[in-house]
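Asker: Just dropping this structure here.
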Amino acid sequence: MFKKLGPGVLVAAAFIGPGTVTACTLAGVDFGFSLLWAMVLSIFATYVLQEMSARLGIVTQKGLADVIKQELHTTWVRNSVIGLILCAIIIGNASYEAGNIGGATLGMQALFGISYSNWYPYILGSLAFILLYFGSYKTLEKVFIFLVLIMSLSFLATALLTGPNIAQLLKGLFIPSIPEKGILTIIALVGTTVVPYNLFLHAALVSEKWKLKSDLNLAKRDTLISIFLGGLVSISIMISAAAITTTEVNSVMDMAKALEPLYGSAALYFMGIGLFAAGITSAITAPLAAAYVANSCFGWKAKLNDTRFRLVWMIILILGVFFLSFGIKPIQVIKFAQITNGLLLPIIAVFLLWVVNRAGVMGSYKNNLVQNCIGIFIIILSVILGVKSILSVIGLL
């Protein structure tokens, strides 16, 4: 099974970053098992969108931004959308990269202590640099399959250590309920899982791995297994967090420390390994996604070893290490990135649904009625997420 895995693993690794880990931790601490259904919904929505993106990439053999440029014929509309994509993905990923490296740093602190923690960002940045600079696509794929499996096993082991109540667990998974003050947490869980840049990353990666339309079933299975593994990680974190009796938890490492007296040092080490894997995978995929987006938007048709491609991910990786090392928080840049991402998700969801229904683009591989109904529901969800993101930034929520 693992030999058949491919681009979907990078997508799963991208959305299971420190932000997702934190959101799932707080959801479990605050609401126990009652919001597990929201994560199931998030994973389902993610799979539907990523499957459309992968199908588009294989059928057209182009990236998502390439198809946007091809299908939007009005110059000002095309340029506006491409400009929004560049701002949201490249500036956004540069802003969030420090958080990705910071998450992996916390994992290293749990495993190796804090004595040399000032060096951890540089070690992680160097590791990401080496993998991106010297690694081929196949190398990256193998590394990510290993890291995602480690991450899945680590968080699953932590969840199992807590011995969850199976009846309550199943109720939380399959019976929706919205506890008091839970709506913002639900939106946060969906928002941290349905990630705009993954749609661009997935379309670009599948067109690099698979060249034939007969490979569509392989891509669909790859997407299903990978997104399921990502969902398993998120659900495991929520289950682990639900076991904590104190509410003084603001991060995943707080959760690990809270679990340690109850379940031993194993909980801390499992959590540390999982957080390291979550942070380092996102620290690699964020610059990689930005480079693929720039590649498509500017029409470079560059490969992984192209100087322009490398320059994009280098800038984002260096900025991440720089911001983290010197404690700089570019608040205005982050707010700008949040607003552009809030605008981008519904726009791209609408465009993706529109283009996968065009016979001129997809031929016989266009959407069916069921896929369109689900797609419309996800677009409504993405609009809600986008509005919430923008309102929270400008201080109205």
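Asker: From Cα pairs below 8 angstrom and at least 6 apart in sequence, can you work out the relative contact order of the range 53-186, rounded to a whole percent?
Answerer: Here the relative contact order equals 10 percent.
Asker: Provide the gained length on full extension for the span Gln61 to Ala359, in nm with one decimal, where the gain is 0.36 nm per separating residue minus the Cα-Cα distance.
Answerer: Full extension from Gln61 to Ala359 adds 105.7 nm.
Asker: Quote the FRET efficiency, to the nearest 0.05, computed for Trp300 versus Phe44 with a Förster distance R0 of 41 Å and r equal to the Cβ-Cβ distance.
Answerer: So, using R0 = 41 Å, E works out to roughly 0.75.
Asker: Follow-up. What FRET efficiency comes out for the pair Thr245/Ile328, r = Cβ-Cβ distance, R0 = 56 Å, nearest 0.05?
Answerer: For Thr245 and Ile328, the calculated efficiency is 0.95.
Asker: Just tell me, in residue order, which DSSP H segments of the chain are both 27 angstrom or longer along the helix axis (alpha-carbon based) and at least -1.0 in mean Kyte-Doolittle hydropathy.
Answerer: 36-60, 92-112, 137-161, 216-242, 265-297, 331-355, 369-393
Asker: Place a point 7 Å from Cα of Ser214 in the direction of its Cβ. Which residues in the range 50-92 have their backbone N less than 17 Å from it?
Answerer: 58-59
Asker: Which of the listed residues, Gln61, Gly375, Leu173, is farthest toward the dipole's positive end in the chain, when Lys, Arg count +1 and Asp, Glu count -1 at the beta-carbon?
Answerer: About the Cα centre, the residue reaching furthest to the positive side is Gln61.
Asker: Moving on. Between Lys171 and Leu391, what is 0.36 nm times their sequence separation minus the Cα-Cα distance? Round to one decimal in nm.
Answerer: 76.0 nm
Asker: Further question: Return a whole-number percent for the relative contact order of the chain, with Cα pairs under 8 Å and 6 or more residues apart as the contact set.
Answerer: On the way: 615 pairs, mean separation 149.9, N = 397.
About 38 percent, as a whole number.
Asker: OK, next. When the accessible area of the range 21-128 is computed with all protein chains present and a 1.4 Å probe, what percentage of it is carbon and sulfur?
Answerer: That share works out to 67 percent.
Asker: Can you give me the Cα centroid spacing of the range 298-347 and the range 18-85 in angstrom?
Answerer: With the range 298-347 and the range 18-85 each reduced to a Cα centre, they are spaced 17 Å.
Asker: On to the next question. Go through Phe336, Tyr122, Gly8 and say which Cα lies farthest out towards the positive end of the charge dipole of the chain; charges sit on Cβ, +1 for Lys and Arg, -1 for Asp and Glu.
Answerer: Toward the positive end, the furthest listed residue is Gly8.
Asker: Moving to a separate point now. Using a/c under 1.5 as the rounded threshold, could you call the range 295-397 rounded, prolate or oblate? The axes a ≥ b ≥ c are square roots of the C-alpha gyration tensor eigenvalues, and prolate needs a/b larger than b/c, oblate otherwise.
Answerer: oblate
Asker: Rounded, prolate or oblate: which fits the range 49-187 when a ≥ b ≥ c are the square roots of the eigenvalues of the alpha-carbon gyration tensor, with rounded for a/c under 1.5 and prolate only if a/b beats b/c? Numbers along the way, then the final one.
Answerer: Details: a/c = 1.88, a/b = 1.25, b/c = 1.50.
The shape class here is oblate.
Asker: With the other protein chains left in place, how much accessible area per residue, in square angstrom, belongs to the range 1-146 at a 1.4 angstrom probe?
Answerer: Here the per-residue accessible area is 38 Å².
Asker: Roughly what would the spin-label model give for Cys373 and Glu180, points 7 Å off Cα along C-beta, in nm?
Answerer: Label-label distance for Cys373 and Glu180, simple model: 3.7 nm.
Asker: If you count, for each residue, the other Cβ atoms within 10 Å and average over each peptide, how do 269-277, 115-123 line up from highest to lowest?
Answerer: Top to bottom by mean Cβ count within 10 Å: 269-277, 115-123.
Asker: Further question on the same structure: Which lysines, on any chain, are close to Lys209 with Cα under 16 Å apart, when same-chain ones fewer than 8 places away are left out?
Answerer: Filter leaves Lys3, Lys4, Lys62, Lys138, Lys142, Lys220, Lys301, Lys303.
Asker: So if each residue of separation counts as 0.36 nm, and I subtract the Cα-Cα distance between Glu71 and Leu84, what length gain in nm does that give? Kindly include the intermediate steps, with their values, before the conclusion.
Answerer: Details: separation 13, 0.36 × 13 = 4.68 nm, distance 1.64 nm.
Here the answer is 3.0 nm.
Asker: Out of Ala283, Thr75, Ala241, whose Cα points farthest toward the positive end of the dipole of the chain (charges: +1 Lys, Arg; -1 Asp, Glu; placed on Cβ)?
Answerer: Thr75
Asker: Right, here's the next one. Given a 1.4 Å probe and every protein chain left where it sits, what share in percent of the accessible area of the range 283-350 is carbon and sulfur?
Answerer: For the range 283-350, the apolar C and S fraction of the accessible surface comes to 70 percent.
The values are calculated or read from the model by the stated rules, or taken from the named source; none is laboratory data. Worth saying up front: this structure is predicted, and the values here are computed from it rather than measured. Please note: Cβ atoms are built from the backbone with ideal geometry, for glycine as well, and neighbour counts cover all protein chains shown. Remember, those area values only see protein heavy atoms, side chains included, never the ligands or the DNA or RNA. Shrake-Rupley method; radii C 1.70, N 1.55, O 1.52, S 1.80 Å.
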